[in-house]
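Where a number appears in this text, it was derived from the coordinates with a stated rule and is not lab data. All of these numbers come straight from a predicted model, not from anything done at the bench. Every residue, glycine among them, receives a Cβ derived from its backbone with ideal geometry; neighbour counts consider all protein chains shown.
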Amino acid sequence: MSEQVSAGTVIWITGATSGIGRSLAIAYAATGARLILSGRRADALADVQRQCGTTNVHTIPFDLADLDSIPGRAAEAVACFGQVDTMVHNAGLAARERVVNTSRPVHEQILHTNYLGPALLTQALLPAMIERHDGHFVVISSMAGTYGSPQLGAYAAAKHALHGFFESLRAEEYDRGIVVTLVIPGFIKTDITAHALTGSGGSYGRVLSVYDNAMSADECARKIVQAVTTRRQEVVIGGVETWMIQLKRWLPRIHAMVIRSHPVRTRNKILGRIPILGRRWRTPKS
Ligand SMILES: NC(=O)c1ccc[n+]([C@@H]2O[C@H](COP(=O)([O-])OP(=O)(O)OC[C@H]3O[C@@H](n4cnc5c(N)ncnc54)[C@H](OP(=O)(O)O)[C@@H]3O)[C@@H](O)[C@H]2O)c1
């Protein structure tokens, strides 16, 4: 790491009960940061609090989709250590379903959890940060925040909304000490798809095989800490799947063709034909 996290920095992480958020909590605890950890499951939060191995950790269990509770939760978080220096909007929920079959309650839950909750939390913390001329928002987006893919309509819409909101905020408050880091993970080995919803609101419940060889949550967390410490505007973290972002930018018609087939299978088929990459990117069963 080229720079250090200042010891005592107050960092609030949502979605700290599992996956990337849990790894981030443990990584930040090792830097001497003071932590506030959130998620819906109080018992899982207490486990992560123990794993952090420091007394400087508070937990605030709450449901981000309960929008009316957000100003109160923000006040609770500020009361823990007197201020929040860095807000990590990590909590997220995916839905895997075609647009035609996605119900309104699922649209609402995905939008509230991934976008509206974080947006309202940001607005609640912002005035005090502007007054101090110091505040950092770290936003865990997704490649689905940069392009839409089959079965990810609701999730991609919510992640795109995050980009619009936080890029606007970054430009508005640049001169008043507010920093925004947008993190775009590729495939990270977590249970995100197991936790995902179906179009009717049931549990998707499967871990897709594309995650078999994916980057670990711990490695992803280390890279996020580094990007935040160096105040990056945007960082893409993952493996070769992240090339899809460049493909969209430079060859959008080929990107569209790949996306409308099964994106992962097609990508692996193409890369598998390139001898030097072939062994690594032979199509997994999915
Ligand atoms: N894994 C990947 O490949 C990948 C790729 C791109 C982006 N991401 C993003 O990375 C972030 C972390 O995901 P992950 O992969 O670590 O998945 P995960 O293990 O499923 O973690 C999701 C976290 O969000 C919390 N959460 C979900 N709904 C919530 C709600 N309504 N209120 C409060 N907390 C809620 C969950 O806690 P509770 O269940 O306790 O509420 C959990 O801690 C998400 O924003 C996800 O979109 C992940």
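From the residues in the stretch 94-152 that are closer than 21 Å to residue 237 by Cα and away from the ligand (no atom under 13 Å from the Cβ), which one is surrounded by the most Cβ atoms within 10 Å (Cβ to Cβ)?
137
For the stretch 225-241, give me each residue that is within 10 Å of the ligand (Cβ to nearest atom) and either part of a helix (DSSP H, G or I) or more than 14 Å from the chain's Cα centre (by Cα) (or both).
241
Looking at the stretch 131-181 only, could you name the residues that are farther than 28 Å from residue 255 by Cα and assigned to a helix (DSSP H, G or I)?
Residues satisfying the conditions are 131, 132, 169, 170, 171, 172, 173, 174, 175, 176.
Just for the stretch 30-59: of the residues that are of a type in the set (D, E, K, R) and surrounded by 16 or more Cβ atoms within 10 Å (Cβ to Cβ), which one is farthest from the chain's Cα centre (by Cα)?
Filtering the stretch 30-59 for residues that are of a type in the set (D, E, K, R) and surrounded by 16 or more Cβ atoms within 10 Å (Cβ to Cβ), the one farthest from the chain's Cα centre (by Cα) comes out as 34.
Across the stretch 153-184, what is the number of residues that are among the β-branched types (Val, Ile, Thr), free of Cβ contacts under 8 Å to residues at least 60 places away in the same chain and within 16 Å of the ligand (Cβ to nearest atom)?
Qualifying residue count for the region: 3.
With the condition kept exactly as written, say whether any residue in the stretch 71-90 is under 24 Å from residue 218 (Cβ atoms), in contact (Cβ under 8 Å) with a residue 60 or more places away in the chain, out of contact with any helix residue (DSSP H, G or I) (no Cβ under 7 Å at 6 or more places or on another chain) and not hydroxyl-bearing (Ser, Thr, Tyr).
Checking the stretch 71-90: at least one residue is under 24 Å from residue 218 (Cβ atoms), in contact (Cβ under 8 Å) with a residue 60 or more places away in the chain, out of contact with any helix residue (DSSP H, G or I) (no Cβ under 7 Å at 6 or more places or on another chain) and not hydroxyl-bearing (Ser, Thr, Tyr).
For the stretch 103-116, which positions are in contact with a helix residue (DSSP H, G or I) (Cβ under 9 Å, 6 or more places away or on another chain) and in contact (Cβ under 8 Å) with a residue 60 or more places away in the chain?
Across the stretch 103-116, the qualifying residues are 106, 109, 110.
Can you work out which of the residues in the stretch 210-224 that are in a helix (DSSP H, G or I) and in contact with a helix residue (DSSP H, G or I) (Cβ under 9 Å, 6 or more places away or on another chain) is farthest from residue 23 (Cα to Cα)? Reasoning before the result, please.
Initial filter on the stretch 210-224 (in a helix (DSSP H, G or I)): 210-211, 217-224.
Then keep just the ones that are in contact with a helix residue (DSSP H, G or I) (Cβ under 9 Å, 6 or more places away or on another chain); that gives 210, 217-222, 224.
Numbers: 210: 21, 217: 6, 218: 5, 219: 9, 220: 8, 221: 6, 222: 8, 224: 10 Å.
Of everything passing the filter in the stretch 210-224, 210 is farthest from residue 23 (Cα to Cα).
Would you check if residue 106 is outside any helix (DSSP H, G or I) and β-branched (Val, Ile, Thr)?
Details: outside any helix (DSSP H, G or I): no; β-branched (Val, Ile, Thr): yes.
Judged against the criteria, residue 106 is not a match.
Give me the residue from the stretch 193-217 that is buried (at least 16 other Cβ atoms within 10 Å of the Cβ) and within 17 Å of residue 26 (Cβ to Cβ) and, out of that set, nearest to the ligand (Cβ to nearest atom).
Step by step, filter the stretch 193-217, then rank; the result is 217.
Which members of the stretch 42-68 meet the condition of being part of a helix (DSSP H, G or I), more than 8 Å from the ligand (Cβ to nearest atom) and of a type in the set (Gly, Ala, Ser)?
Scanning the stretch 42-68 gives 42, 46.
Quick one: residue 187 ticks every box in (1) more than 11 Å from the ligand (Cβ to nearest atom); (2) among the aromatic types (Phe, Trp, Tyr); (3) in contact with a helix residue (DSSP H, G or I) (Cβ under 6 Å, 6 or more places away or on another chain) bar one, so which box is it?
(1)
Residue check, residue 31 against (1) part of a loop (DSSP other than H, G, I, E, B); (2) within 16 Å of the ligand (Cβ to nearest atom), all met but one. Which one?
Only one criterion is unmet by residue 31, namely (2).
Of the numbered conditions (1) assigned to a loop (DSSP other than H, G, I, E, B); (2) within 9 Å of the ligand (Cβ to nearest atom), residue 6 satisfies every one except a single condition; which is it?
Condition not satisfied by residue 6: (2).
Out of the stretch 218-241, which residues are over 28 Å from residue 7 (Cβ atoms), of a type outside the set (Asp, Glu) and surrounded by 17 or more Cβ atoms within 10 Å (Cβ to Cβ)? First the steps, then the outcome.
Pass one, the stretch 218-241, residues over 28 Å from residue 7 (Cβ atoms): 236, 238-241.
Going one step further and asking which of them are of a type outside the set (Asp, Glu), we end up with 236, 238-240.
Once the filter is applied, which keeps residues that are over 28 Å from residue 7 (Cβ atoms), of a type outside the set (Asp, Glu) and surrounded by 17 or more Cβ atoms within 10 Å (Cβ to Cβ), the stretch 218-241 yields 236, 238.
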